[in-house]
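Colleague: I'd like to ask you about the structure that follows.
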Amino acid sequence: MSAGNVLGREHRLFLTGTTALLISTAVAVVAGSYLSSIRETLTLIPGLLVLVPPTINMRGSISGVLASRLSSSMHLGEFSPDWRRGGVLAENLHASFILTVATAIALGFIAKLAAWGFGVEVIAAGDLILISVIAGILSGLLVMGFTVLVSVLSYRRGVDMDMIAAPAVTTIGDLVTIPVLALTAVTVVALPTEWRAALLVLVLIVAAVATGYSWVHGDRAREIVSEILPLLVGLSVLGTVAGVTYTMDLDRLVTVGALLILIPPFAGICGSIGGILCSRLGTWMHLGLIDPSLRPSREVGIQCVQSYLFTLVLLPLMAALAHGAALLLGATSPGLFTLVGIAVCAGVVVMTIVNGIAYLTASISFRYGFDPDNFGIPVITSVIDLLGAVVLIAVINFFL
């Protein structure tokens, strides 16, 4: 392929990614607006905000891995849009469901332990687990269904899924997970104590039966789960600590509602940009187009530059939309230019680290015989959750 053709293809892919990210940005601000609108609920249910970042992260990680694996299978000519047992689609869905249930259960325990470790008040451990499992499974099924729809449409229309999957999955994860989590929490805490205990037992039994079915009927799924589950459980700790970080600054976030609006789109956009980078690196390594060397090639450098371009284009727009949403909701805003400064400064810092981590994760996993599709997106989204929370809160404190 000539240099002109390569540049033309990269330009088209960049425009495809930009379009997907622009839509993602607008929708993610809607999710942030909803989070800002339930400020009283976050205050009245201690620990709910602790669950928000890791629950969103798990939806993005699990469905992001699903999308990335399906995308690679398309490039390798292995994908087919059918549900036959042993097929790429069925096996990956079995694996995604098992991961959804397992991480939701683990997250309830981790949230309680993290809150205790940082001295943050939260509701009872059983209630956290129940909320996490119900919200995780419901939102997980919705996001997985959306991911499959995007995959099949991309396959049939010849669209490069690497450029649209991460923004689409991250966006729908933000949009679905926060309302489901909030409604689940409100419903659970309204039940009598004995009903909660009975419901927890029932939910865990049903989840165990469904998970067992997927485990038995998914031969390839067992291999995927064994490879990625320990990583997801470990990374969920990062997302939980991010939730604790936001909770410790909850008074400021509730008082200045525009800052609360920033949280989902900021993490979502950075995660989407990092997800695009991870998906492309994984696909190119599978195809042998780049080598997993410690020194990045020129092709890798081009992808990193694109990440910065996405950041500089999208984050000011995100801040402007957040400011407008705050005005419509009657929430307090520190001002348009201050919000833009906060978003851009925090975003550049986060993406600088993300570019390096994305390449190292893909290279190291590929060199040691692991599938980079299984590792890149979960690592990036989890790092962004924690790093994004710390950097965003630090920049907010600097500006305000």
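Colleague: Would you calculate the separation in nanometres between label points at residue 251 and residue 75, each defined as 7 Å from the Cα along the Cα-to-beta-carbon direction?
Modeller: Going from the residue 251 label point to the residue 75 one covers 5.0 nm.
Colleague: Ratio of Rg to Rh for segment 210-298, alpha carbon only, Kirkwood?
Modeller: So for segment 210-298, dividing Rg by the Kirkwood Rh gives 1.12.
Colleague: Calculated from the structure, Kirkwood radius over Cα pairs in Å equals which of (i) 22.5; (ii) 24.6; (iii) 21.0?
Modeller: (iii)
Colleague: When a/c reaches 1.5 or more, the comparison of a/b and b/c decides; with that in mind, is segment 286-400 rounded, prolate or oblate per its Cα gyration tensor?
Modeller: prolate
Colleague: Further question on the same structure: Under a 1.4 angstrom probe, counting protein chains only, how are 205, 105 ranked by accessible area, largest first?
Modeller: Most to least solvent-accessible, the answer reads 205, 105.
Colleague: Tell me the label-point distance for the pair residue 400, residue 328, using the 7 Å Cα-to-Cβ offset, in nm and rounded to one decimal.
Modeller: Between residue 400 and residue 328, the label points sit 2.1 nm apart.
Colleague: Of the accessible area of the chain, with the probe set at 1.4 angstrom, what percent is carbon plus sulfur?
Modeller: Carbon plus sulfur share of accessible area: 70 percent.
Colleague: With just the Cα atoms of segment 25-84, tell me how far they stretch along each of the three principal axes, in Å, largest first.
Modeller: Computed over segment 25-84, the largest-to-smallest principal extents equal 51, 24, 17 Å.
Colleague: Taking a 1.4 Å probe, which of 34, 213, 368 shows the most accessible area, and what order do the others take after it?
Modeller: Per-residue accessible area, sorted high to low, gives 368, 213, 34.
Colleague: What order, most packed first, do the peptides 262-269, 40-47 have when packing is the mean number of other Cβ atoms within 10 Å of each residue?
Modeller: Highest mean packing first, the order is 262-269, 40-47.
Colleague: Can you give the local net charge around residue 262? Use residues other than it whose beta-carbon is closer than 13 angstrom to its beta-carbon, Lys and Arg +1, Asp and Glu -1.
Modeller: -1
Colleague: Can you tell me the accessible area per residue over segment 184-296, all protein chains present, probe 1.4 angstrom, in square angstrom?
Modeller: Accessible area per residue, segment 184-296: 42 Å².
Colleague: When a/c reaches 1.5 or more, the comparison of a/b and b/c decides; with that in mind, is segment 127-260 rounded, prolate or oblate per its Cα gyration tensor?
Modeller: Judged from the Cα gyration tensor, segment 127-260 comes out oblate (a/c at least 1.5, b/c at or above a/b).
Colleague: Can you check what the net charge comes to around residue 392, using other residues whose Cβ is under 15 Å from the Cβ of residue 392 (Lys, Arg +1; Asp, Glu -1)?
Modeller: -1
The values are calculated or read from the model by the stated rules, or taken from the named source; none is laboratory data. On a predicted model such as this, the values are computed, not experimentally measured, just so you know. With ideal geometry, Cβ positions are generated from the backbone for all residues, glycine too; neighbour counts draw on all protein chains shown. Side chains are part of the model used for accessible areas, which takes the heavy atoms of the whole protein and leaves out ligands, DNA and RNA. Shrake-Rupley method; radii C 1.70, N 1.55, O 1.52, S 1.80 Å.
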